[in-house]
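Structure first, then comments.
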Amino acid sequence: MVGGMLLHLKSIRRFEHSGGWIKALLEEAENERMHLMTMMELVKPKWYERLLVILVQGVFFSSFFTCYVVSPRLAHRIVGYLEEEAIHSYTEFLKDIDDGKIENVKAPAIAIDYWRLPEDATLKDVVTVIRADEAHHRDVNHFASDIRNQGKELREAAAPIGYH
């Protein structure tokens, strides 16, 4: 969201195209929101857990905004590494489902609709597609950092696209 917003504003100020990066980064933000909405549907968080999400969001957004303004290259690299950790976490989640430590419940309707999963989809199916999304986010953000590392603007390389 931060990267897409800042690129959007820069694009308007300079009257130039983004090479598809605004769309790619805002799609990534929407996709991450759907991960959260899906997990909230599964977990049914209490009021204080929702408050924690709001507080963490405020701190992270402010910190990441500052980081992106100072060094977009670093910001994208950090996101790439965070996504790598998410992939590892979801892999462990899948192992716990396979080992019976976590019940493989029916997928929530929000996940079935968003990822166009079959009606009989399960938690394992949802975690599998979320993990694939995280791998895509990792690749996009490492690619963005690599472009910046070469001294180029993101618009000089076409943005990787595609979720569904």
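Decide, for the range 94-164, between rounded, prolate and oblate: order the square roots of the alpha carbon gyration tensor eigenvalues as a ≥ b ≥ c, take rounded if a/c falls under 1.5, and otherwise choose prolate if a/b is larger than b/c, else oblate. All intermediate terms of the calculation are to be shown ahead of the outcome.
On the way: a/c = 5.83, a/b = 2.30, b/c = 2.54.
Taking the square roots of the gyration eigenvalues as a ≥ b ≥ c, the range 94-164 is oblate.
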- For the range 22-67, with the dipole built from +1 on Lys and Arg beta-carbon atoms and -1 on Asp and Glu ones, taken about the Cα centre, which of MET40, LEU51, CYS67 lies farthest toward the positive end? LEU51
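Show MET5, MET34, MET39 ordered by accessible area, largest first, where the area counts protein heavy atoms only and the probe is 1.4 Å.
So the residues, ranked largest to smallest area, are MET5, MET39, MET34.
Considering Cα pairs under 8 angstrom that are at least six residues apart, work out the relative contact order of the range 1-128 and quote it in whole percent. Please report the intermediate quantities before stating the final value.
On the way: 71 pairs, mean separation 27.2, N = 128.
RCO, the range 1-128: 21 percent.
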- Task: Mind giving me the nanometre distance, one decimal, between the label points for VAL70 and ASP99, set 7 Å out from Cα along Cα→Cβ?
- Result: 3.9 nm
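Looking at the chain, do any whole DSSP H helices span at least 24 angstrom along their long axis by alpha carbon and average 0.5 or above on Kyte-Doolittle, and which?
What comes out of the filter, once short or polar helices are dropped, is 47-70.
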- Message: Student exercise: in the chain, how many lysine pairs 8 or more apart or on different chains have Cα atoms under 30 Å apart?
- Response: 16
- Scan the chain and report its longest stretch carrying no GluC sites (Glu not before Pro) that are both in a DSSP loop and have at most 13 other Cβ atoms within 10 Å. 17-102
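When a/c reaches 1.5 or more, the comparison of a/b and b/c decides; with that in mind, is the range 1-89 rounded, prolate or oblate per its Cα gyration tensor? Show your work: numbers first, answer last.
On the way: a/c = 1.92, a/b = 1.88, b/c = 1.02.
Prolate is the answer for the range 1-89, as a/c is 1.5 or above and a/b outweighs b/c.
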- Item | Ranking by accessible area, most exposed first, for ILE12, ILE161, ILE130 with a 1.4 Å probe | ILE161, ILE12, ILE130
- Message: Which trypsin sites (Lys or Arg not before Pro) in the range 19-97 sit in a loop by DSSP (not H, G, I, E or B) and have at most 13 other Cβ atoms within 10 Å of their own Cβ?
- Response: LYS46
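Can you compute the charge dipole magnitude of the chain about its Cα centre, using +1 on each Lys and Arg Cβ and -1 on each Asp and Glu Cβ, nothing else charged? Give it in debye, rounded to the nearest 20.
760 debye
The values are calculated or read from the model by the stated rules, or taken from the named source; none is laboratory data. The structure displayed is predicted, hence computed values, not measured ones. Cβ: placed from backbone, ideal geometry, glycine included. Neighbour counts: every protein chain shown. Note: areas computed on protein heavy atoms with side chains; ligands, DNA, RNA excluded. Shrake-Rupley method; radii C 1.70, N 1.55, O 1.52, S 1.80 Å.
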